[in-house]
Amino acid sequence: METILGVKGADFVILASDTMKAKSVMWLDDEKTKTHRITDYCMMSAIGDGGDCLQFSDFILRNMDLYKVTNGYDLTVRGAVHFIRSNLSAYLRCNMKYQVALLVGGFDSTTGPELHYIDQFGNSVPIRYGGHGAGINFCTPIFEEFYTSHMDSQAAYDVIKKCVIELYKRFVINLRNFDLFLISKEGITKMTPINQESLRADILAGPKRRFINTK
């Protein structure tokens, strides 16, 4: 039931992930963070087996911190992607296979915004939009219809909102809340979460509602 989504615009990347923690048919928590900061200009979203996600994400984040302490600067987005996929594929050849799928998004001062898709086998490919989880089956047609390469961050936010609304209609168990993060040349900005309360507020506020979280 987990879903993570990503969209790359002209000068930004947006990563969105649900916050539900479930076990079989049981809902356990609604505040699980699935998107993690790698550097000041790079983040990753991960879903899969709960224990594998927790352990692998922590392993990646600690090594990214170690790299900065050792070298005095952060890895680039592509460097982080290479490190993640190399370790994920290496574990396939031992007894510690991780059932984890990821999206890595960031902004590089040289190459601009980047969004990378990494599957559980360590395969990686740069994408314009995409995601992992059960919800991507319903979100892909929406991305294909409404995505444009020159869209601004508000338009991208609205496309992701359409995806979340579709998931509310399709799933028996609703993904109650989606966290969204905007990554641009200014750094990382947390956006207004998409949930039933925010959708209700959109209807009341009209089309001029802002999407940036000012807190």
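For the stretch 101-191, the equivalent ellipsoid derived from the Cα gyration tensor has semi-axes of 22, 17, 13 Å, listed largest first. The residue list Phe143, Ser198, Leu182 was ranked by how far each Cα lies along the charge dipole of the stretch 143-201 toward its positive end, using unit charges on Cβ atoms, and Ser198 comes out on top.
Mean separation of Cα pairs under 8 Å and 6 or more residues apart, divided by the residue count, gives the chain a relative contact order of 28 percent.
Can you give the angle from 0 to 90° between the axis of helix 153-170 and the longest principal axis of the chain, with both taken from C-alpha atoms, to the nearest 10? Between the helix axis and the principal axis of the chain, the angle is about 80 degrees.
Between helix 50-71 and the chain there is an angle of about 60 degrees, using the helix long axis and the longest principal axis of the Cα atoms.
What is the gain in length, in nm to one decimal, between Ser89 and Asp152 on full extension, counting 0.36 nm per residue of separation less the C-alpha to C-alpha distance? Mind showing how you got there, number by number?
Numbers: separation 63, 0.36 × 63 = 22.68 nm, distance 3.48 nm.
Stretched out fully, the Ser89 to Asp152 stretch lengthens by 19.2 nm.
Other residues whose C-beta falls under 10 angstrom from the C-beta of Gly105 contribute a net charge of 0, scoring Lys and Arg +1 and Asp and Glu -1. Multiplying the residue separation of Leu66 and Arg37 by 0.36 nm and removing their Cα-Cα distance gives an extension gain of 9.0 nm. Classify the stretch 36-130 as rounded, prolate or oblate, taking a ≥ b ≥ c as the square roots of the eigenvalues of its Cα gyration tensor: rounded when a/c is under 1.5, otherwise prolate if a/b is larger than b/c and oblate if not. Verdict is oblate for the stretch 36-130. Angle, helix 196-205 long axis vs. longest principal axis of the chain, Cα atoms, 0 to 90°, nearest 10? Helix 196-205 sits at roughly 50 degrees to that axis. Note on the chain: with neighbouring protein chains present and a 1.4 Å probe, carbon and sulfur make up 53 percent of its accessible heavy-atom surface.
The simple spin-label model puts a point 7 Å past each Cα toward its Cβ; for Glu186 and His82 those points are separated by 3.2 nm. A cut-off of 5 Å between modelled amide H atoms, ignoring neighbours fewer than 5 places along the same chain, links Thr3 with Asp18.
Rolling a 1.4 Å probe across all protein chains gives Leu180 an accessible area of roughly 0 Å². Residue ranking by accessible heavy-atom surface, 1.4 Å probe, largest first, among Ser109, Ser184, Ser124 comes out as Ser109, Ser124, Ser184. For the stretch 94-144, the Kirkwood hydrodynamic radius comes to 12.5 Å, computed from all pairs of different C-alpha atoms.
For the chain, the square roots a ≥ b ≥ c of the C-alpha gyration tensor eigenvalues yield an a/c of 1.5 or more together with a/b not exceeding b/c, which makes the shape oblate. Using the Cβ-Cβ distance between Ile165 and Lys97 with R0 set to 41 Å, the FRET efficiency works out to roughly 0.70. Computed from phi, the 3J(HN,Hα) profile of the stretch 106-114 under the Karplus parametrisation 6.51, -1.76, 1.60 (θ = phi - 60°) reads x, 10, 10, 5, 8, 9, x, x, 9 Hz, with x in place of Gly and Pro.
Quote the FRET efficiency, to the nearest 0.05, computed for Val172 versus Val125 with a Förster distance R0 of 35 Å and r equal to the Cβ-Cβ distance. Efficiency at R0 = 35 Å is approximately 0.65.
Averaged per residue, the stretch 87-215 has 54 square angstrom of accessible surface, using a 1.4 angstrom probe with ligands and nucleic acids left out. Under the rule a/c < 1.5 gives rounded, and otherwise a/b versus b/c splits prolate from oblate, where does the stretch 121-163 land using the Cα gyration tensor? Oblate is the answer for the stretch 121-163, as a/c is 1.5 or above yet b/c matches or exceeds a/b. What is the distance in Å between the Cα centres of the stretch 166-198 and the stretch 136-163? First find each Cα centre; the distance between them is then 13 Å.
At 1.4 Å probe size, with every protein chain present, just tell me what the per residue accessible area of the stretch 5-81 comes to in Å². It would help to have the intermediate numbers written out before the result.
Details: 3780 Å² over 77 residues.
For the stretch 5-81, the per-residue accessible area is 49 Å².
Protein chains only, probe 1.4 Å: how do His82, His132 rank by accessible area, largest first?
Descending accessible area places them as His82, His132.
Summing +1 for each Lys or Arg and -1 for each Asp or Glu, what net charge is found among the other residues whose Cβ lies under 13 Å from the Cβ of Thr76?
Working: positive: Lys68, Arg78; negative: Asp40, Asp74, Asp108, Glu114.
Net charge around Thr76: -2.
The values are calculated or read from the model by the stated rules, or taken from the named source; none is laboratory data. Computed from a prediction, not measured in an experiment: that's the story for all the values here. With ideal geometry, Cβ positions are generated from the backbone for all residues, glycine too; neighbour counts draw on all protein chains shown. Accessible surface is based on the protein model in full, side chains and every heavy atom, while ligands, DNA and RNA are left aside. Shrake-Rupley method; radii C 1.70, N 1.55, O 1.52, S 1.80 Å.
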